[in-house]
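Structure record follows, encoded as structure tokens.
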Amino acid sequence: MALPSTIYRASVQLSDLDRQIYEQLQTTIAQHPSETAERLLARLLAYALCFREELVFTKGVGSGDEPDLWSKGPDGRVQLWVEVGLPDPDKLAKSCRHVERAILFAFGSGLNRWLPQHQGKLASIPNLTVVALDFGFLSQLAADLQRVISWSLTVTEGNLYLTVGDQTLESALQQVSGPPL
């Protein structure tokens, strides 16, 4: 029998000064049994950093042909394709041909090997933005992960300031290639 997903409820007070977005985000996010806490939190960060009204979580890990998040237009076509982790670059390139814009939030313990190996191919995709997330930052967040997530996230000049309880964590968004977020 398959293990069920773990459900998290998240509230994010978003102040994105770079994009002039100020929102109180409320969402439910499911953690697949094979998904790490760091990946779950990377998906939640991606949701906040790419927020727009139409952005939704997909089946993600459970579906091989969907990204982690997407936004569709009124005609049903995918406008924004968002992935986290270290996906297969060929598969990502193929997906980018069918969407208006794609964003990859790359992270993981193997990022320092994966990125140099695939950076040339990824940089040649004109509608793809690649941003590296600090794995240490995600690990700090994962250490105190609760089923009810309450964040205050400020984004300014490519830096994240994330307050969880009485602790504020800081991390830089390292844009590797593509148009700005």
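Values as computed for the structure displayed
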{"read-out": "Test result for residue 146, under 29 Å from residue 166 (Cβ atoms), among the polar types (S, T, N, Q) and open to solvent by 20 Å² or more (accessible area, probe 1.4 Å)", "value": "yes"}
{"read-out": "Which listed residue is surrounded by 17 or more Cβ atoms within 10 Å (Cβ to Cβ) and either more than 11 Å from the chain's Cα centre (by Cα) or free of Cβ contacts under 8 Å to residues at least 12 places away in the same chain (or both), from 89, 67", "value": "89"}
{"read-out": "Residues that are within 22 Å of residue 130 (Cβ to Cβ) and free of Cβ contacts under 8 Å to residues at least 60 places away in the same chain, drawn from segment 163-177", "value": "170, 171, 172, 174, 175, 177"}
{"read-out": "Matching strands (runs of 3 or more DSSP E) fully within segment 1-81 where at least 3 residues are in contact with a helix residue (DSSP H, G or I) (Cβ under 8 Å, 6 or more places away or on another chain) and not hydrophobic (A, V, I, L, M, F, W, C)", "value": "none"}
{"read-out": "Only listed residue being open to solvent by 40 Å² or more (accessible area, probe 1.4 Å) and either in contact (Cβ under 8 Å) with a residue 40 or more places away in the chain or within 18 Å of the chain's Cα centre (by Cα) (or both), chosen from 124, 109", "value": "109"}
{"read-out": "Those residues of segment 165-178 which are open to solvent by 50 Å² or more (accessible area, probe 1.4 Å) and in contact with a strand residue (DSSP E or B) (Cβ under 9 Å, 6 or more places away or on another chain), in sequence order", "value": "165, 168, 170, 172, 174, 175"}
{"read-out": "Odd one out for residue 22, checked against (1) hydroxyl-bearing (Ser, Thr, Tyr); (2) open to solvent by 60 Å² or more (accessible area, probe 1.4 Å); (3) more than 17 Å from residue 153 (Cβ to Cβ)", "value": "(3)"}
{"read-out": "Which listed residue is in a loop (DSSP other than H, G, I, E, B) and in contact (Cβ under 8 Å) with a residue 12 or more places away in the chain, from 145, 104, 115", "value": "145"}
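The values are calculated or read from the model by the stated rules, or taken from the named source; none is laboratory data. Given the structure is predicted, the values throughout are model-derived calculations rather than measurements. Using ideal geometry, Cβ is built from the backbone for each residue, glycine included, and neighbour counts are taken over all protein chains shown. Note: areas computed on protein heavy atoms with side chains; ligands, DNA, RNA excluded. Shrake-Rupley method; radii C 1.70, N 1.55, O 1.52, S 1.80 Å.
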